[in-house]
Amino acid sequence: MQLKKIGSCKESVKQQVLKRPVTFMKLVSETQCATETVEKYLSEFLKETLVKEKKGKFRIIYSANATKEQVEFYELLLNPTIKSIIITLLKSDEPLSQIELVAITEKSNPSISRGMKLLLDKRIINRNYHAPFSTYGIIDKNKIMSVLHNTHPEIYHNFDKFELHEPEMIKIFLDIHK
């Protein structure tokens, strides 16, 4: 991998962060600049309050203009199971049961259960009770699509390229857009 010139690294780091939230390691990868160089420019941008960061399991760098909702949504979608649940429910015309989500996403039942609990707590999905089971759906698909557009434009712009009845295509789609 050929490293970029220092001046172009600064501009590249700035443009990537201002475009959408990004993890530190993804920023290093996308800019193809040395980790130390990216760190140096980020510290400058943080001092200038041009960008902000959120530290947790992942270090997320984002524009000072990004909303708290956008950053939290980006952080949620770093979990591949949650990303799978959201994409599947967005694509579905009808609410889906937990068993259907497990089958479509090919994620484990406990993993889907944990993801749905988190999404219910965040009020992104709702639960519809049907004896003896429940179905789940996105509360406001337009809002979620709008936030998806701002945080994951690559997913948003390719959203129509797969169908729910093609589970293998969903898996490929999600693998491509990690």
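Worth pointing out:
- Residue ranges of helices (runs of 4 or more DSSP H) in segment 63-120 with at least 3 members among the aliphatic types (A, V, I, L, M) and more than 30 Å from Gln15 (Cα to Cα): 98-105
- Residue in segment 22-29 that is more than 17 Å from Ile155 (Cβ to Cβ), assigned to a helix (DSSP H, G or I), in contact with a helix residue (DSSP H, G or I) (Cβ under 6 Å, 6 or more places away or on another chain) and outside the structural domain of Lys141 (by TED's automatic domain parsing) present: yes
- Scanning segment 1-19 for any residue that is among the β-branched types (Val, Ile, Thr), crowded, with 19+ Cβ neighbours inside 10 Å and more than 30 Å from Pro110 (Cα to Cα) turns up at least one such residue.
- Any hit, segment 62-74, residues being of a type in the set (D, E, K, R), over 26 Å from Ile138 (Cβ atoms) and surrounded by 13 or more Cβ atoms within 10 Å (Cβ to Cβ): no
The values are calculated or read from the model by the stated rules, or taken from the named source; none is laboratory data. Bear in mind the structure is a predicted one, so any value in this text is a computation, not a measurement. Ideal geometry is used to build each Cβ from the backbone, glycine not excepted, and the neighbour counts take in all protein chains shown.
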